[in-house]
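The structure under discussion is supplied below as structure tokens; questions concerning it will follow.
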Amino acid sequence: MNDFMHWLYVSYIKPQLDEKDTSSYEMPLSLMDTCLDEHLKTQYSRTIEFYASHAFLLGLRTGAGLVYSSQNSFGSTQPSI
């Protein structure tokens, strides 16, 4: 992962995830803390960073694609998404 994505995850995405209500996920999250050794916890954290960062990018691309699609569909006879 490049430096910008790592910075984005540490500075923006992870704090957002940490603030969310996890009450419906308490058991699975506590199992991750208690059942994994330190090496696996590190690997799990890296996996979360990878998926969260790419999900964020997917959201940006999707939003940009929807804006582009809707701009091209005004006055068009073709249905937009």
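Could you please tell me which pairs satisfy a Cβ distance under 9 Å, a separation of 6+ or placement on different chains, a first residue in the range 16-28 that is touching a residue at least 12 places away in the same chain (Cβ under 8 Å) and surrounded by 10 or more Cβ atoms within 10 Å (Cβ to Cβ), and a second residue that is in a helix (DSSP H, G or I) and not hydroxyl-bearing (S, T, Y)?
Once the first residue is touching a residue at least 12 places away in the same chain (Cβ under 8 Å) and surrounded by 10 or more Cβ atoms within 10 Å (Cβ to Cβ) and sits in the range 16-28, its partners that are in a helix (DSSP H, G or I) and not hydroxyl-bearing (S, T, Y) give L17/I48; L17/A52.
Kindly provide the set of residues from the range 30-46 that are over 26 Å from N2 (Cα atoms), assigned to a helix (DSSP H, G or I) and open to solvent by 70 Å² or more (accessible area, probe 1.4 Å), ordered by number.
Within the range 30-46, the subset over 26 Å from N2 (Cα atoms) is 30-37.
From what's left, assigned to a helix (DSSP H, G or I): 30-35.
Once the filter is applied, which keeps residues that are over 26 Å from N2 (Cα atoms), assigned to a helix (DSSP H, G or I) and open to solvent by 70 Å² or more (accessible area, probe 1.4 Å), the range 30-46 yields L31, D33, T34, C35.
In the range 2-11, is there at least one residue being not in a helix (DSSP H, G or I) and not β-branched (V, I, T)?
Within the range 2-11, one or more residues are not in a helix (DSSP H, G or I) and not β-branched (V, I, T).
Could you please let me know if L36 is at pLDDT 90 or above and in contact with a Ser or Thr (Cβ under 8 Å, 6 or more places away or on another chain)?
No, not satisfied.
The values are calculated or read from the model by the stated rules, or taken from the named source; none is laboratory data. Since we're looking at a predicted model, the values are computed, not measured. Positions of Cβ are generated from backbone atoms using ideal geometry, with glycine treated the same way; all protein chains shown enter the neighbour counts. When the accessible area is computed, the model is the full protein with side chains, heavy atoms only, and any ligands, DNA or RNA have been set aside. Shrake-Rupley method; radii C 1.70, N 1.55, O 1.52, S 1.80 Å.
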